[in-house]
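The values are calculated or read from the model by the stated rules, or taken from the named source; none is laboratory data. The structure displayed is predicted, hence computed values, not measured ones. All Cβ positions, glycine included, derive from the backbone under ideal geometry; neighbour counts span all protein chains shown. Accessible surface areas use protein heavy atoms only, side chains included; no ligands, DNA or RNA. Shrake-Rupley method; radii C 1.70, N 1.55, O 1.52, S 1.80 Å.
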Amino acid sequence: MATPKIHQLIEVIEMRIPTACAESWDSVGLICGDPSQALKAVVIGVDLTEALLETALKKKANLIVIHHPPLFPKGRGITKLVKGKDSDLNTILLKAFEAKICIYVAHTNFDRCALDGMIALAEDLGAVAKARVWEAPEEGETLLKKLVAYIPTEHYEKVRDALYEVGCGHIGNYDSCGFATVGFGNFRPLDGSNPAQGKVGKFEQVEEVRMETIFVSGMEGIVIDTLKHVHPYEEVAYDIYAVEQSPVMKGLVWGLGYGFVAELKKPISYAEFVKRVKKVFQVEAFLTHQQEPKMVRKIAFTPGKGSSFIRSVGKHKVDVYVTGEVGYHGSLEAARNGVNVMELGHRESEHYFLKTIAAWCKEWELPHSVLDERTQKIV
């Protein structure tokens, strides 16, 4: 990638992790700075800290990418920017703005969409990722949507393949799923139109394909942008419907769920798996309970707070659930379901964020630095 403007890099990032896929309570995207400036260098961290800002200044970087948002709606976190003693984060944000440093947050949209990071993490643990971990939808909430698009016959395969490329049609262990029927579409271009087929003022009827496929809620933006970009028509006819049934608990579906469920390539003892986890996450110890399996064959992982996924993990019948924190009662519930829990610490479970963003910067040939701060320690 040639040296981009910061806003151009953000556009590329959000093709991989659309902000629309973030939780409704989350605060992601650019939260500080002028994105019209040319990118100098990137500094990557999990939390916004004084040390992270100092690293950016030292490296002459003008973009900081972090995982945890310092700004939250509904009264959580910072609600105003005033330099003073009330909040160290206020001061850091103001210092960054004054130094013309942009701050970009990739949080739950990253967790839901950065499948390459999950696949790599599973591989580091000696496993193959098979599925995502997700909660059952709340009443009235839909996790899937159906797209119906009408495409000229000769352009059908090009449009179809482009939609599959951005994640449409993923059902369990299958991708590129869809259905198509051939029919006739009709229209009459009016004054001011620029028709790809037909002439202004003349009624037209052409052979078209009605394509049906599904996608994960939150992906509407990238799906419709892709459809309009590849489709030859000036005005594209399409419909989007809510899908009532829940997705199956299989497959690595982009934008759906968190972490992964994985099968070890070769079963190993619990003691050996403990060594592997400590090495991969760079931790000296973790919290667990008395339910320790002799052998580990199937595992699950979610970053950060994993208490809400205890039941979902139990349905997958895993031996070990690796996460940041589940709390006392969550640990007891997991034990009752026969699942060993490894609580690494919230921040410690998100080490993969640093590796994934750094890998992207390396792929795009961008100068970057990583600051791996540990907010909790064993004493």
Descending principal axes extents, the chain, alpha-carbon based, whole Å: 80, 52, 38
Filtered hits (aspartates and glutamates, Cα-Cα < 12 Å from Lys130, offset >= 8 within chain) -> Glu263
Would any residue of the stretch 325-358 have its amide N under 11 Å from a label point 7 Å out along Cα→Cβ of Leu287? List them or say none. 325-332, 342-346
What translational D, rounded to a whole number of µm²/s, comes out for the stretch 311-379 from Stokes-Einstein when the hydrodynamic radius is the Kirkwood one over Cα pairs, at 25 °C and 0.890 mPa s? 172
Straight-distance crosslink candidates among lysines, where the alpha carbon sits under 17 Å from Lys279 and sequence neighbours closer than 8 are dropped: Lys355, Lys377
The answer for the net charge of residues other than Ala106 whose Cβ lies under 12 angstrom from its Cβ, with Lys and Arg +1 and Asp and Glu -1, is -2
Can you sort His346, His329, His316 by solvent-accessible area, 1.4 Å probe, largest first? His329, His346, His316
Within-14-Å neighbourhood charge of Gln197 [Cβ basis; K, R +1; D, E -1]: -3
In nm², what is the average projected area of the convex hull enclosing the Cα atoms of the stretch 143-213? 5.8
Once you treat every alpha carbon in the stretch 245-379 as an equal point and sum by Debye, what is log10 I(q)/I(0) at q = 0.10, 0.11 Å⁻¹? -0.36, -0.43
So what is the accessible area of the chain per residue, in Å², with the probe set to 1.4 Å? 51
Length-normalised contact order of the stretch 137-203 in % [C-alpha pairs under 8 Å, at least 6 apart]: 16
Efficiency by 1/(1 + (r/R0)^6): what FRET value for Glu365 and Glu123, r their Cβ-Cβ distance, R0 = 25 Å, to the nearest 0.05? 0.60
Under 18 Å Cα-Cα from Lys5, which aspartates and glutamates qualify once same-chain neighbours fewer than 8 residues away are excluded? Glu14, Asp34, Glu363, Glu365
Using the structure shown, list the pairs from Lys158/Lys199; Lys265/Lys315; Lys58/Lys362; Lys158/Lys305; Lys59/Lys275 with a Cα-Cα distance above 30 Å, or answer none. Lys158/Lys305; Lys59/Lys275
In debye to the nearest 20, how big a dipole does the chain give about its Cα centre with +1 on each Lys and Arg Cβ and -1 on each Asp and Glu Cβ? 1100
The distance between the Cα centres of the stretch 143-163 and the stretch 210-271, in whole Å, is 14
